[in-house]
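**Student:** Got a structure for you, written out below as structure tokens; questions coming shortly.
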Amino acid sequence: MYSNGNGRAAGAPVRKVTAPDVRNRKGGPALAMVTAYDFTMARLVDEAGADLILVGDSLGMVVQGLPNTLPVTLEEIGYHGRAVARAAARAHVVGDMPFMSYQVSPTQAVESAGKLVKDGAFESVKLEGGEDFAEHVWRIVRAGVPVMGHVGLMPQSVHAYGGFKVQGRGEDAAARVLADAKAIEEAGAYAIVLEAIPPDVAAQVTAAVSVPTIGIGAGPACDGQVLVCTDLLGMVRGHMPKFAKRYAELGDAIVDAVKRYVDEVQRGAFPAAENTYKPNRADESGPRLQEPARVVNLRP
Ligand code: KIV
């Protein structure tokens, strides 16, 4: 028996943020997107008022401890997406299309996007790529699935870059990011992530496209921002990218809490009387094994 903490306060039903809502926020209040990979985190992120929750392929690094996002599969994104979707009462839930789930052809892209929506309970999908992937975006959108683009630093191209490197530096590179964003906008994307590009380039792209840009390491001019939840919450022990901000130190808080638990277990201080059910019978110490098994509500 475990708690999923699923009880919601009574009140007016919450209206879901939709892809058209996000598109219409261009020039309006800034959009806040956060990654989440499980029910508990998504529940908290949704309660905090994030507009979008991204089940990013960053889960390969954050959840699985991999050096990059390349091994993540469509099935893994779907598995985490189902858990997140159960928790997101208001936030729009976006599923990342992993490496080689769409690059092969526009047809493969439509099939994979469809699988994420059907099996992962996503409300839209995100894919990395510029001009070369405009047709893929167009075909997915025509199939009825909203697409969020992702240009600038595209982590699935880490080996082509020779590492995770800022993109769009210099006139030619900046023009390429702009052309990529325009192509994805024209293909029908409802929003575009701009990752790790100079802030002036992000400002230029944001002014040039009619859909919201959502920045990560792209400065303040974007129409919204996205952070990885474990960066935002200070749960990362190693290197943090320059653009990330720690809004809490949950890593330290978790280590401290678990240390105190370990200490109490070792000292016999946990569980105390208040963490223990009433004895079966005051005059018996063990369970009544002769009784047939039955389903009981173990909640106090
Ligand atoms: O995978 C991911 O989490 C992402 C965001 C960092 C934009 O793509």
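**Student:** For the pair Arg15 and Ala179, what calculated FRET efficiency results from E = 1/(1 + (r/R0)^6), where r is the Cβ-Cβ distance and R0 = 45 Å, to the nearest 0.05?
**Tutor:** Details: r = 36 Å, r/R0 = 0.81.
Efficiency computed from Cβ-Cβ geometry: 0.80.
**Student:** Using only alpha carbons, build the gyration tensor for the range 158-262 and give me the equivalent ellipsoid semi-axes, biggest first, whole Å. Kindly include the intermediate steps, with their values, before the conclusion.
**Tutor:** Details: eigenvalues 227, 46, 24 Å².
So the equivalent ellipsoid measures 34, 15, 11 Å along its semi-axes.
**Student:** Count charges around Gly170 for me, please; just the other residues with Cβ under 13 Å from its Cβ, Lys/Arg as +1, Asp/Glu as -1. Walk me through the intermediate numbers first.
**Tutor:** Details: positive: Lys165, Arg169, Arg176; negative: Glu171, Asp172, Asp200.
So the surrounding residues net to 0.
**Student:** Estimate the FRET efficiency between Ala160 and Thr73 by the formula 1/(1 + (r/R0)^6), using the beta-carbon distance for r and 35 Å for R0, to the nearest 0.05. Working shown, then result.
**Tutor:** Numbers: r = 21 Å, r/R0 = 0.59.
After rounding, the FRET efficiency stands at 0.95.
**Student:** Could I ask something else about it? Over the residues of the chain, compute the C-alpha Rg and express it relative to 2.2 N^0.38 Å. Walk me through the numbers before you get to the answer.
**Tutor:** Values: Rg = 22.8 Å, N = 300, 2.2 N^0.38 = 19.2 Å.
Normalised by 2.2 N^0.38 Å, the Cα Rg of the chain equals 1.19.
**Student:** Report the residues of the range 179-207 in range of a label on Glu131: point 7 Å along Cα→C-beta, backbone N strictly under 13 Å from it.
**Tutor:** Of the residues in the range 179-207, 179-184 have backbone N under 13 Å from the label point off Glu131.
**Student:** Quick one: compute the contact order of the chain, relative version, from alpha carbon pairs under 8 angstrom and 6+ residues apart, as a percent.
**Tutor:** Over the chain, the number comes to 14 percent.
**Student:** So, one more: Listing Thr35, Thr230 from the residue with the fewest other Cβ atoms within 10 Å to the one with the most, what is the order?
**Tutor:** Working: Thr35 29, Thr230 23.
Placing the least packed residue first, the sequence is Thr230, Thr35.
**Student:** Could you tally the net charge around Leu52, taking each other residue with its Cβ under 13 Å from the Cβ of Leu52, Lys/Arg +1 and Asp/Glu -1?
**Tutor:** -1
**Student:** How far apart, in nanometres, would the label points at Asp263 and Val63 be if each is projected 7 angstrom from Cα along the Cα-to-Cβ direction?
**Tutor:** Each label point lies 7 Å from its Cα, and together they span 3.4 nm.
**Student:** Counting only GluC sites (Glu not before Pro) that sit in a DSSP loop (anything but H, G, I, E, B) with at most 13 other Cβ atoms within 10 Å, what is the longest stretch of the chain containing none of them? Show your work: numbers first, answer last.
**Tutor:** On the way: sites that count: Glu249, Glu284.
No qualifying site falls inside 1-248, the longest such stretch.
**Student:** Output wanted: per-residue J couplings in Hz (rounded whole) for the range 42-56, from phi through Karplus 6.51 cos²θ - 1.76 cosθ + 1.60, θ = phi - 60°, x for Gly and Pro.
**Tutor:** Couplings: 5, 4, 6, 5, 5, 4, 6, x, 4, 6, 9, 10, 9, 8, x Hz.
**Student:** Please give me the summed charge of the neighbours of Gln103: other residues whose Cβ is under 10 Å from its Cβ, Lys and Arg +1, Asp and Glu -1. Intermediate values should be presented prior to the final figure.
**Tutor:** On the way: positive: none; negative: Glu128, Asp132.
Once positives and negatives cancel, what remains is -2.
**Student:** Could I ask something else about it? Once you place label points 7 Å from the Cα toward the Cβ at Ile254 and Thr40, how far apart are they in nm?
**Tutor:** 0.9
**Student:** Then there is this: Just the Cα atoms of the range 8-135, one point each, no solvent: what log10 I(q)/I(0) does Debye give at q = 0.11, 0.15, 0.21 Å⁻¹?
**Tutor:** Scattering profile of the range 8-135, log10 relative to I(0): -0.39, -0.71, -1.24.
**Student:** If R₀ is 35 angstrom, what is the calculated FRET efficiency for the pair Ala207 and Lys245, using the beta carbon separation as r and rounding to 0.05?
**Tutor:** Given R0 = 35 Å and the Cβ-Cβ separation, E is 0.90.
**Student:** Still on this structure, I have one more. List the trypsin sites (Lys or Arg not before Pro) within the range 89-191 that DSSP assigns to loop and that have no more than 13 neighbouring Cβ atoms inside 10 Å.
**Tutor:** Passing both the DSSP loop test and the Cβ count: Lys165, Arg169.
The numbers here are math on the coordinates, done by the rules we state, and not lab data. In this text, all values refer to a predicted model and were calculated from it rather than measured experimentally. Counting neighbours? That spans all protein chains shown, and the Cβs are built from the backbone with ideal geometry, glycine included.
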